[in-house]
Structure formats: C-alpha cells, structure tokens
Amino acid sequence: MPQTTTSVAMACALLEIATDNNCAGWLDISGSSNQLSGVEQTRISGETYSFDGDTAIIQGGKREPMELVVQSVYTETALETFEAARAAFETAGCGARMCLRWSPAGGAIGDALYTTPRGILVSFTYPPIDATAGGPILAGFTLKVSEVTHSVVAT
Amino acid sequence: MIYRVLARLSAGSRLGGYIEAGSMVSDNDLTPRVIAILVDRGALSPVAPPPLGVLPGWKLRAKRFEEAGYDAISILESDSATVAQETGYAERSIEKWKNELRGFMKVRETQITSNCKNC
C-alpha cells in the first residue's frame, strides 16, 4: 500500500460554537482557541467467565458520553471564545447548553465537519494568573456531549 | 444533472441541516464548483435516471415524454410550460408529475442556503 498523500495538518482547523436553542448561530472561535481534546468516545463493555474455556465472554453496550475540552486564549472581547463561553456557562438554569463543531482541514467545501448535538457546559476555566510566566493567559471550557456526527461541508 | 449523495453533507446553518447519504441533489442545489469538489472527494456521484416507463403510474405517459425527448432529469430541469407545450399535457399536470419524480428520485425541492465561511 503506498504512503498516503492526503494527511491533514493539526493546526489549520475551523472551530465553531453555537449557544442558541437551535444551534443556528455558529460563532467561529478559531481565532481565539488553540486546542480541542477529549475527542475519544468509548463504548461500555463487559465480560464474564464460565468454568469452561480459557477466555472471557465479552459483550458491548452503549456509547458513553464524551467531554470535549476546548483550550482558549483569554481575551476580554465579546464574540471571542472566552466571553462567549463564559456567558453560556453563567446562564442560570439546569445546565448551560452549547453545540460545537470543527473541521480539521479548515471547513472548505469537501472538508469533513464534526458536529455535536447540544451538550452541557460542565466546566469553565476562569483566567489564571502567574507572576513567573511570560505567555498569554489560557482559559477554556469542557462540553459534555452524547455523540459527534460526521458530515462533509457542502455549502 | 442529478447526483447521489454518498457521504452526509452539511448544508445550511441549522443543526440538523444535513443532506443524508443516499438522497439525491440536482445541480440547482449546489454550484458547479462545489459539485466538482464533492465529486472529486467521493461525496457525490452522478446518476443515470431510471426509464420513465418503470416508475409507478408512468407507463402510459412515459411514451409521450420519451417521444418528445424527455427523461426524468430533463423533465425536472425544464420549464413546466415548455414541457407542457412539447408533450401536449396540461402545465398543471406537469407540475404534479415533477413533484412525483422528485419523490421517486428523492430530489430536494428547496434551495440550499450557504453557510460556508471559507468558500
């Protein structure tokens, strides 16, 4: 099998969030975020044994929820990651909701797009401070979602 | 031209604004540039239309359409008044049959709104 020529760079992605009820108003936060992690989803599985045989009897169950972690650059500008996520997280009620979608290749026509349903903002990082550090302040949030769906950007 | 969707397409800004794999789109739905890219990426594939005579309820009228040079796709792509004139059927019937064809071929009827930021 020849070596692939279609690998995708890690650093040129599109990342968007939507905080409205229908997840219709997508906000591009690519310019104020720099990392998305927690993208592994697991499926419940279990095993048991019998007196016969030498190996386990295994079965699979449902897919477990995922906790997607977005690392953002701390800014005090409206419509950038920190302020948009803070506003959503501080909304009173049982669970601040948000949708998230990302396109590893950048979101052009034909690129893959991964989209979550409305998830719950389960954590939010306020700006840390450190007199010994020299870089920009980093913050972030964690979104708990049930699944991620794949599509191809067409419009 | 009609295309079969081979990979779920994101279309429109609303969550759930998808065109599911297995459905059809026409070149009225997407621009030629977008279609070319999606075909190249394997997300769309051009399809040949079924013979009109095999569609449910179309056996009798198929002959007249085919004599006038129409297949399922060219009926959908043509102006209803022109098709009516060339086949001798009423324009209202043509509109109704176009909807039937869209249903048979799972072709979208509404225009897709673009939300791509990097196109």
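What follows draws every value from the coordinates through simple rules; no lab data is involved. The shown structure was predicted, so the numbers you read here are calculated from the model rather than taken from an experiment. Neighbour counts are summed over all protein chains in view; Cβ atoms, including those assigned to glycine, are modelled from backbone coordinates with ideal geometry.
Where helices (runs of 4 or more DSSP H) fall wholly inside region B:1-110, the ranges with 2 or more residues that are more than 13 Å from the chain's Cα centre (by Cα), within 14 Å of chain A (Cβ to nearest Cβ) and surrounded by fewer than 14 Cβ atoms within 10 Å (Cβ to Cβ) are B:32-40.
Here's the yes/no breakdown for (1) free of Cβ contacts under 8 Å to residues at least 60 places away in the same chain; (2) within 14 Å of chain B (Cβ to nearest Cβ); (3) within 19 Å of A:ALA18 (Cβ to Cβ); (4) in a strand (DSSP E or B):
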position: A:THR132; (1), (2), (3), (4): yes, no, no, no
position: A:GLY135; (1), (2), (3), (4): yes, no, no, no
position: A:THR142; (1), (2), (3), (4): no, no, yes, yes
position: A:GLU147; (1), (2), (3), (4): no, yes, yes, no
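Remark: pairs (first residue in region A:99-120, at the interface with chain B (Cβ under 10 Å from one of its Cβ atoms) and closer than 15 Å to A:SER37 by Cβ; second residue of a type in the set (D, E, K, R) and surrounded by fewer than 18 Cβ atoms within 10 Å (Cβ to Cβ); Cβ separation under 9 Å; 6+ apart in sequence or on different chains) = A:THR116/A:GLU147. Taking region A:106-124 on its own, how many of its residues are assigned to a strand (DSSP E or B), surrounded by fewer than 20 Cβ atoms within 10 Å (Cβ to Cβ) and not small (Gly, Ala, Ser)? So the count comes out to 4.
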